[in-house]
1. Tell me what the chain gives for mean residue ellipticity at 222 nm when only DSSP H runs of n ≥ 4 count, each as -39,500 (n - 2.57), the sum divided by the residue total, rounded to 500 deg cm²/dmol.
2. Using 1/(1 + (r/R0)^6) with R0 = 51 angstrom and r between the beta carbons of Glu134 and Glu308, what's the FRET efficiency to the nearest 0.05?
3. In degrees from 0 to 90, rounded to the nearest 10, what is the angle of the helix 330-341 Cα long axis to the longest principal axis of the chain?
4. Count charges around Leu392 for me, please; just the other residues with Cβ under 13 Å from its Cβ, Lys/Arg as +1, Asp/Glu as -1.
5. What relative contact order, as a whole-number percentage, does the chain give when Cα pairs under 8 Å and 6 or more residues apart are counted?
6. If I stretch the segment between Arg144 and Leu334 completely, what's the gain in nm (0.36 nm per residue apart, minus their alpha carbon distance), one decimal?
7. Determine which lysines satisfy two conditions relative to Lys322: a Cα distance under 24 Å, and not lying fewer than 8 residues away in the same chain.
8. Positive end of the dipole of region 85-407, charges at C-beta (+1 Lys, Arg; -1 Asp, Glu), about the Cα centre: which of Val136, Leu196, Ala155 has its Cα farthest in that direction?
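Just so it is clear, none of the values below were taken in a lab; they were calculated from the coordinates. All of these numbers come straight from a predicted model, not from anything done at the bench. Here the Cβ is made from the backbone with ideal geometry for all residues, glycine too, and neighbour counts use every protein chain on show.
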Amino acid sequence: MHSSGSPQPPIRQMSGPLDSARIQRPFLWAPALVLRGGRVIDPTQGMDAPADLVIRDGKVVAVGPCLPLPDDARVVEVQGLVVAPAFVDVHVHLRDPGFPEKETLQSGAAAAAAGGFATICCMPNTQPPLDTPERVRDIVERARGLPVRVFPIGAISRGRRGEELADLVGMAEAGAVGFSDDGDSTRSARVLRAALETSRLLGRPIMVHCEEWTLAAGGVVHEGPVARRLGLPGVPAAAEEIVLLRDLELARVTGGWLHVLHLTTARGLAFVRRAKRDGVRVTVEVTPHHLLLTDEWVAGVRRFAGEEEVQPPGPCPDPNAKVNPPLRPEEDVLALRAGLRDGTIDLIATDHAPHHEQDKPSDLRRAAFGMVGLELALPLLLRLVHAGSLTLRELIEFLSCQPARVLGLPGGTLRPGSPADVVVFDPAVPWQITRETLRSRSANTPLLGLTLHGRVLLTIVEGKVVYGDTHFTDRCTGLGGRPDLSGYPIRGAPQR
Ligand SMILES: [Zn+2]
């Protein structure tokens, strides 16, 4: 597992006979795992075709149609299923240390594996916050042995108070892959400027949550007709856009690398588009929920943006639809989709934000912000594919290839020689979202009770099966002993 904190590009396959002998000898007896006949989608190789994928020693060794099988191959038949580079999430809250009732490194990693992710980056708004090299190193060390890779993100400011720059250099050396005061904006523009200057030296992004704290104070949902109807205090879109403009300007004057977390408004998108055109070094993410859900969901009206069909209603108001930044009106949601297509938005990240039921009382003023996302990203985004506004290949691009490429993390490709980080999913199978079907320790999502389509069946990290859907793996082992997965630790049905 890569954990040095200086992400390397995936290792290419060695070609010389001396090299291959030297590399393969210690692993001579490791069996090959073959995923046979799936629809392999790998944008990094321009590939979308039926093919076999051969994995050995934790790496992809071959991908192509009708490959000869190694003698020792364990074969899994995946006809009709999608095989792709496993997903990479640069924005996850694991609540560890500090809030084990919400999530831990272990439960969050299990949720990630079940969602098809091989690599996740965890945000520093823990208790205590990840604002020192020691605390960053603690995550790196405790992440060893988890089913997925976990890379910590360090705080920008000490105690996340926005007043003093934290030790970014020390945290980078300890393994931080980026820096963020996520959950809040960095209050001091002077501190953010210093962070952006440091980012030039470190080559790591300054990941900003844009929210003007005096405008947002007390607000619980998007300021607009829905908030007025429910009599709830609103957060205006301007609260996000004002700080976004500030941060884009600071990126311009410093030449530092700004990464905008969870962009939500059409105007903000226009600001980013202009900044990119002007050569500002800025990357942008959007969440699946801001691409699919509108502020009507807070009122229990469960209609996905751009769709006619209305789903069975949820509670009104729905505390699980309270998220920061808030769900926005449909015109913003549709603008974000256009931003994905025209390349203004670089990648999709879940902002997985687990909360215990007690933190989500029906009084929205008292409910915590956030929703779980790791296990719902795929079925949510597949709605865009089924509606024709995103291709399956683009979905893989934004959820796997781009996050790995932008942050310089392992994975995001099935090129021979790369780590065998693979997701196998059925894009059409329906499943109901319930507390029992989620592996996260928390189930705070406004999708509870709904049936979505598309489910992860296998997640493989560095050649090891770290998640297997029980129905699928039962079917595998029931097929006349064809696929023998006994050397791989397949996990059972979701348990709580
Ligand atoms: Zn967040």
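1. Numbers: 15 runs with 137 residues, N = 496.
Computed mean residue ellipticity for the chain: -8000 deg cm²/dmol.
2. On the way: r = 54 Å, r/R0 = 1.05.
Calculated value: 0.40.
3. The helix 330-341 is inclined about 40 degrees to the chain.
4. Values: positive: Arg39, Arg383, Arg393; negative: Asp42, Asp48, Glu394, Glu397, Asp426.
Neighbour charge sum, excluding Leu392 itself: -2.
5. Working: 1229 pairs, mean separation 94.8, N = 496.
Reported as a whole number, the value is 19 percent.
6. Values: separation 190, 0.36 × 190 = 68.40 nm, distance 3.99 nm.
Extra length available between Arg144 and Leu334 comes to 64.4 nm.
7. Result set, ordered by chain and number: Lys102, Lys360.
8. Leu196
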